[in-house]
Each structure stands twice: as C-alpha cells, then as structure tokens.
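Derivation of every value follows stated rules applied to the coordinates shown; laboratory data play no part. Note that this is a predicted model, so its numbers are computed, not measured. As a convention, Cβ positions derive from the backbone with ideal geometry for all residues, glycine included, and neighbour counts pool all protein chains shown.
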C-alpha cells in the first residue's frame, strides 16, 4: 500500500532532493525542443493519412488534399490561440485536467485526464513506429527488424529522460533544427520545380491509388479530415507542463506555444500531388520529388526518422507532470508525485516506457495498427479544455476570449465525434472502452485514499501520545554475532525481550533446537528463548500465532518483531540467502498488528 495522505508531505520531504535551481528548467527554445516534437513530427504522418484516405477515390480524390489540409491548419490556429489562453489562466500546468477541475467538476476533469493519459501513451508507440517506418523507407532491408529497432529507440529515449527534461531538450535541439530546416528547404525547392509523375523512391512499389471516382462524398472528406487530425496531437503538451519552464514560466510557455503553431502551420504545406505507394511514405516521395534521390533525400529521411522517434519525448515531458497532479489529488498512487534527481518524475517515466513497450509488441512495430486509436483522446481533451475556458472567461466578462474558446470547443467537439465515428470500426472502440475504465480506476484509487484518511482521522486533532508497555520478539535459529547484535538492539527498544525459535517435528530439527537451547543456557544473554512448534513446517505462522496469544493475554502491549538479516558484500550474493526474514515479515504483517523492524547487519567489504 502506498503512503497514506498524512505521510505524503513527510515522504516528499524525505525522498525529494532540494530544488537544484533554474538549470533544470526549460527556456522557450528548449521547451520547444522537449515538448513540441510530437506536433512537429506529425507533419510526417498527418498529411500522409489524408492522402491514403483520399486515394480511395483515385486521382479525383487526391485533388481535395489541399482543402482538407487547409481546414486542419485553420483548426490548428484556433487551438494554438486557445491553449495560449489556457497557459495564462492555469500557470501550474495540467492543461485540460486543471481547467475541467476548476470549472466543470471532478468527473469531467477525470475524463480529461484519462483522455490525455491514453493519448500520451499512444503517442509514444505511434511516434517510434513512424520513425522506424521512415528509416525502412530509405533502407528497405531493415523492414523485418522494425520491432527490435522500435524497442531499442524506446530504451534510448527513456534513458535520456531519466536524466532530466532539460538534458533531453538539449539532446533534441539539433535533430529538431535539422528536421525543421529540411522540411522548409523541401517546401521552398518544391515550389519552383514541376511535379514529377513518379519518383525513384517509389519505383517498384505497388500503388494504393484506386480507380478514379466521378464524385467525392462528404463521408470520405470527413474521414480524411479525421485521419489528418493526427497532425494536431501534441499542441496541448506545452500547456500541460508549464511548471517545467523557467520563470516567468507562463510567458515562456506562451512563446513556445505560438512558435510551435507557426512552425507546424508552415510545415503542413505541400505542393506535389504524388500517388501513395506501399512501403514508401509520402514525405519520402516529396523529398525525392523536390530534392532528388541524392544525399539531400537521405538527410531528410534520417532527420524525419530521428525526429519521429524522438517525438515520443513530448509524452515523457507532459505525462509525468499530469500523473503528479493526479497523485496530488489522490487519483493515483502518491509515488507518482515523487521527484528524483534533476527534477525527474522517475516513476511516471518508467511506467510510460513499460506500457509503450507493451503496445509496440502488440502492434509488431506497425504504425497502421496504432493510428486508428490515436487522436481521439486528445480531441476529447481539447473540447473539455475549451469548454472550461468559456466558463472561466465568462466570470471575468472577457467576451472576446469567451467567443474564441467557444468557437474552438465547437470545432474540436465536432472533430472528436467525426474522428471517433470514422475510426470506430478500425479500432477506436478500444479507446471508447478504455476511457471509462481508466476513469473508474481513478475513482477507485480516490476512494481507497478516502478510507485511509478516514481511518487515520485526517483533518482532526489526534490524541496525545502515551507510553505503552513494549515487548520485542527476536526470531533466531542459531547463535552467532548476528544474534548478539539483534538482542542488543532489542533490549534498547523494549521493556521486555524474548527470543523465539520454530521447531519442526522431524528428528534432525528437534536435535538442532535442543542444541540451540543448551548453547543458549550456557551463553545466558539474559533473554528468554521460547520454542514454538510447527507441525506443518511453517516458519511465519507459528510466530504470528504466538503474537496473537500475547496481545490477547496482555491488552495494550505494543509488540515489535525485530528480524535480523545479513547484507552481503556483493549484490549477487543476495541470491544465496534463505529469505527466512521475508517469510516471517510477510506472515506477521498479514496476520497481526505488530510492528516489524528488519535489522540489517552489513558484512565487511
């Protein structure tokens, strides 16, 4: 069980290191590198998702690529303006969770939190698989090893983030700059070149273009819009992690949000109407068409692969902060609120890595398996955040901001419905189930902490401490220096000390116990040795039964079980221990209210 609420502050003070200063906080530039990689990298697969859907209507369908992209760019502008206001109004971070908690109620805030948790986890899996897909587009021979490469990239990103968000941002500034530069060069060069019919990168690959359709229906356009909305994921990450920025945190975060929106909007532009093919990404074809199949093409592919893989860093920067807020509000175990060195929420980082690895194994490293599950959660969060902001601005009668957030809530709400409906049969139903399950899990944790608080009388003045008679029991099996150290500690702790040994019915064990009793009498430590019989060859149960007898015969007596254990010189030597102490501790903890004290006797190095 995690630490109860009353111990939370003490545990935090004991285990969290002192603040190491601003050097572990983000600037606007490093914040852009650490928290916006998801949104930037979606340029690689967002437009491609549009093209793949419209390809079902042939060349006529591909003609609608630009209008659909422009619609998504317009929604992006609304979202950036909205989340800039969220940062200003909620500088403590938390994004849609913080907004909903303040204005829409507890249950709605949990829906927002659950949607963000799901989206962050899926983002890691999608980002890593998409990055490896970019690599295999340039080097097809690696396609069969994509799962192993995905897991290796995940381990690398996790290791970097365990060193701190600032270190991760510094490590990712260069690949981010290379990717942005490569995409901008691709766009500028492409504007002055004629569109080729095909590219060298797509040669030999089967086209996925269907026969030309005479009309393109609204349903197909909506589905293309829904698929392309994956390019908007990550816009909310900066608002979720405002406390990670240097002071003035809100102002720096707003600058990073605006810079993100501007860069993302520019990079969504593309001119060539290329046909999608199997095994080669559309971005790879655009690079080939604009720059040629030369060194520049491989630079773009390598930069895309690196940034896509590293865009998982957005989740590693945003999700641990969200988990910390949930833990603070008793919706997650308090361990998620603890910080390690370099301001790292280590438990959140490790949990995210483990769940993401499971998703990678489940999907086999295939992006198309995961994309249908993507973007639903984030649009739910978008809608909740902007609806809450409408109520926030209404209280201060700032009608311009109210209208902006209201318009944004309408757009993202419609988009959430469209994305869910069009992707439901492709796997989105899993998110529809997982979302309420996660909310129920939050509620269960909250109820558990509520019961702990009630049992501990949190918020009430406790009774003054009083001294009770103390009895210390020391389990022993032989006479040695460890036994002497344990009894010395025991007589210092309690009013009365008893040593207990468990005897089994077989003749060999009986003989060993009798020899121990004779040696004990000769040693005469001034502590009584009690023999406990066990017919079932159990070790912990006889001791816990003896404790129950003592507490029943002596009401008000505090019983402490001091378990002596050796700490070996080498780590691997712990495998040589018999684990008797762990067995006794488990039985006593399960069956009694006795205090357990485990004495570690360190062997000389």
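Some values worked out for this structure:
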item	result
Kirkwood hydrodynamic radius of the range 82-166, from inverse mean 1/r over distinct Cα pairs, in Å	15.6
Packing-based order for 519-527, 408-416, using average beta carbon neighbours within 10 Å, highest first	408-416, 519-527
Gain on full stretching of the segment that runs from residue 107 to residue 143 - 0.36 nm per residue minus C-alpha separation	8.6 nm
Calculated FRET efficiency for the pair residue 454/residue 552, C-beta based, R₀ 22 Å, to 0.05	0.20
Relative packing of 111-124, 497-510, which averages over residues the other C-beta atoms within 10 Å, highest first	111-124, 497-510
Spacing of the two label points (7 Å from each Cα toward its C-beta) at residue 519 and residue 579, in nm	2.6
Gained length - residue 397 relative to residue 184, 0.36 nm times residue gap less alpha-carbon distance	72.5 nm
Global form of the range 470-602, assessed from the alpha-carbon gyration tensor, a/c cut-off 1.5	rounded
All-pairs Cα distance distribution in the range 354-498, expressed in whole percent, bin size 10 Å	9, 17, 17, 17, 13, 11, 13, 4, 0
Distance between modelled label sites at residue 528 and residue 173, nm, 7 Å Cα→Cβ extension	7.2
Cα→Cβ-extended label distance, 7 Å offset, between residue 151 and residue 354, nm	1.6
Added length on full extension, which subtracts the Cα-Cα distance from 0.36 nm per residue, residue 495 to residue 538	12.6 nm
